[in-house]
Every structure is written in structure tokens, then in C-alpha cells.
Amino acid sequence: MNNICGLVTLVGSSNVGKSTLINRILGHKISITSRHRLTTRKQIIGIKTTGNIQIIYLDTPGVLKKDYKKYNQIWINTILNSDCVLFIIDRMYWNIEEQILFKHLKKINRSIIIVINKIDLIKNKHILLPWLKKLYKKIKCSEIIPISAKLGIGIKELESIIISHLPKNNHYFPAYKKTDQNQSFLIAELIREKIINKLHSEIPYFINVKLEKLINTFKIIYIYALIIVKRNSQKHIILGIIKKLCSESRIAIENIFNKKIMLKIWVKVK
Ligand SMILES: Nc1nc2c(ncn2[C@@H]2O[C@H](COP(=O)(O)OP(=O)(O)OP(=O)(O)O)[C@@H](O)[C@H]2O)c(=O)[nH]1
Ligand SMILES: [Mg+2]
């Protein structure tokens with residue numbers, strides 16, 4: 001058998017660029033991104049099949065020191081089923097979240113690739129080498145690679161390293177499959193991304209977006225979305241940006257689905 005197929009999990013603290021990286025590797029958007037913490041809330045699957053190689057990437061919510069059980073259980077379960085783990089670090093930041101993750105990874109016997117992201121923001125690149133050496137000594141990892149997910153630096157090299165750590169296996173998904181998410185989830189997430197990126201840090205965590213109805217016709221997709229907030233004051237804030245939110249979300253969805261979109265959004269307190 002010449003086929004290669006494996007599960008690769010992206011883990012790391014919130015905001016280190018896990019979702020940006022998965023989108024960059026896949027070449028299209030499957031996971032939303034923002035400058036705020038806790039953007040990704042559940043495991044997202046992205047599949048890349050090139051010839052005889054199929055890689056199933058799993059994006060996860062960021063490691064948290066608080067609310068440990070609810071969100072952290074997702075990445076804890078995911079790494080246990082992986083063939084290879086990408087431990088993403090934002091430049092030289094090593095905080096309590098990295099320490100929590102490091103403790104978990106020490107206990108499991110998996111290939112670990114440390115990915116130092118956002119190197120485009122490091123002005124003095126000379127400081128990188130001592131940091132890479134220090135990490136290599138500290139963590140029993142297979143490889144360390146500096147990248148910039150945003151600018152696409154080091155991605156090809158990272159993909160080659162990943163492939164070298166995957167087992168020979170039959171492909172799990174048909175070659176055309178890019179994700180296991182349904183259309184409704186991706187659309188709701190795209191709207192949530194626009195809200196997060198428009199608001200300041202206090203609100204995004206409490207917002208949920210639900211699609212009430214989706215009618216997919218030959219030329220147009222009709223979408224009826226509901227934004228659910230916790231308080232009346234939050235509803236007013238959303239109503240203040242709803243016009244822009246609606247038009248920006250519509251454009252984002254049209255770009256992904258390559259179809260005309262008719263979007264209506266309501267806001268509800270629950
Ligand atoms: N300059 C720079 N910014 C980056 C890079 N990668 C990601 N970012 C930015 O970092 C922020 C967080 O990126 P995300 O991909 O949402 O981070 P995440 O790790 O998925 O975050 P959670 O889903 O909250 O766990 C966004 O504003 C990205 O544009 C990079 O290589 N360079
Ligand atoms: Mg994310």
C-alpha cells in the first residue's frame with residue numbers, strides 16, 4: 001500500500017494562529033479567525049488530499065487556564081486520537097497555557113512538531129535560534145519550525161515535515177471532501193466572525209449565531225440568521241452595527257460559496 005493518511009491536531013493557547021494556519025494549509029477558509037481570544041469553540045475538521053496523501057487536520061479551541069473542563073476537554077480528546085500534534089506557539093511567548101499543554105503532551109506518545117508562528121512580527125531574527133534550541137531541549141519534540149501563517153512563510157516546509165510523520169494507511173475520506181462541516185455551520189461561523197471583528201472584547205464571548213432557515217436555489221442562497229445575546233444592552237450594540245454586519249457577512253458568504261446571497265439577520269435576547 002502506497003497511500004498515506006493521518007490525523008494532525010493543531011493545539012496551542014488562544015490567539016496563537018491555529019485557525020489562520022489551518023486555512024493557509026488548506027488554501028481556503030474553514031475556520032474563522034480574529035484578534036480576540038476564544039474564537040474557535042469546537043473542533044473543526046479540514047481535509048487535504050494530494051495524490052496518495054490525505055491529511056486530516058483538526059483545529060481546536062485554545063488552551064485555557066480557566067474553564068478548564070469545558071473547552072480543554074476538546075483538545076485533550078483530540079490529541080489522543082492524533083498521529084501528529086502541531087503545538088503552535090506565538091513567537092517566544094511561553095505562558096501558563098503552554099505549560100498546561102506541555103504537561104499533557106509529555107504524557108502521550110505522539111509525534112510533536114513545535115510551530116513558532118508570527119515570525120513576521122519578530123524584528124531581530126537572531127533571538128530565534130537560542131529560543132529554538134531551548135525549546136528543543138525542554139520538549140521531547142520531533143521537530144521545530146518557525147513560520148508565519150498570515151504571510152505563508154515556512155508552510156511548504158511544515159507540510160513536508162508533517163507528511164514524514166504520518167502512517168501508511170488507506171484514505172479515510174473521498175478526495176473531493178474538504179471538511180465535515182455542513183453549510184449552515186460555516187455560514188453561522190462567518191457571521192460570528194464578522195461580529196467578533198467589529199466589536200471590542202467584552203461582547204463576542206456571549207454571542208451565538210444560529211441559522212433559522214437556509215434555502216439553496218440554483219442561483220441564490222436565502223439565509224435567515226438569528227444572533228442570540230444574553231442581555232438587552234448587548235442586543236442594542238448589535239443593532240447599532242447590523243446594517244454593516246449584514247452587508248459584510250453577505251459578501252464573505254458570497255465569496256466562499258460563489259453564489260448570490262440574500263441575508264436577513266435578527267437579534268434575540270435569551
Ligand atoms: N502577524 C501575524 N498575525 C497572525 C499570524 N497568524 C495569525 N495571526 C493573527 O493572530 C490572530 C489570531 O489568529 P487565530 O487564527 O484566530 O488564532 P487561534 O489560535 O485560532 O485562536 P482561538 O481560536 O481563539 O484559539 C488573528 O488576528 C490573526 O490574523 C501570523 O503569522 N502573523
Ligand atoms: Mg481558532
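Points to keep in mind about this one:
- Selected residue (only one of 216, 232 is polar (S, T, N, Q) and more than 25 Å from residue 31 (Cβ to Cβ)): 232
Listed here are the residues, each with its yes/no results for (1) at pLDDT 95 or above; (2) out of contact with any strand residue (DSSP E or B) (no Cβ under 9 Å at 6 or more places or on another chain).
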position	(1), (2)
170	yes, no
180	no, no
183	no, no
195	no, no
198	no, yes
202	no, yes
205	no, yes
212	yes, no
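- Residue 192 within 17 Å of residue 30 (Cβ to Cβ) and basic (Lys, Arg): yes
- Filtered by the rule that a residue be more than 25 Å from the chain's Cα centre (by Cα) and free of Cβ contacts under 8 Å to residues at least 24 places away in the same chain, the stretch 228-265 gives 233, 236, 240, 243.
- Of the residues in the stretch 193-212, none is more than 30 Å from residue 118 (Cα to Cα), touching a residue at least 40 places away in the same chain (Cβ under 8 Å) and aliphatic (A, V, I, L, M).
- For the stretch 111-169, filtering for residues that are in contact (Cβ under 8 Å) with a residue 40 or more places away in the chain, open to solvent by 40 Å² or more (accessible area, probe 1.4 Å) and part of a strand (DSSP E or B) leaves 1.
- Total residues in the stretch 1-43 satisfying the condition of being more than 10 Å from ligand 2 (Cβ to nearest atom), among the aliphatic types (A, V, I, L, M) and within 16 Å of residue 153 (Cα to Cα): the figure is 2.
- Search result, residues across the stretch 1-42 that are over 21 Å from residue 174 (Cα atoms) and among the aliphatic types (A, V, I, L, M): 10, 11, 16, 21, 32, 38
- In the stretch 227-251, the residues that are modelled with pLDDT of 95 or more and open to solvent by less than 20 Å² (accessible area, probe 1.4 Å): 227, 245, 249
The values are calculated or read from the model by the stated rules, or taken from the named source; none is laboratory data. Keep in mind it's a predicted model, so treat the numbers as computed, not measured. Virtual Cβ from ideal backbone geometry, glycine too; neighbours counted across all protein chains shown. Keep in mind that these areas ignore ligands, DNA and RNA; they rest on the heavy atoms of the full protein, side chains included. Shrake-Rupley method; radii C 1.70, N 1.55, O 1.52, S 1.80 Å.
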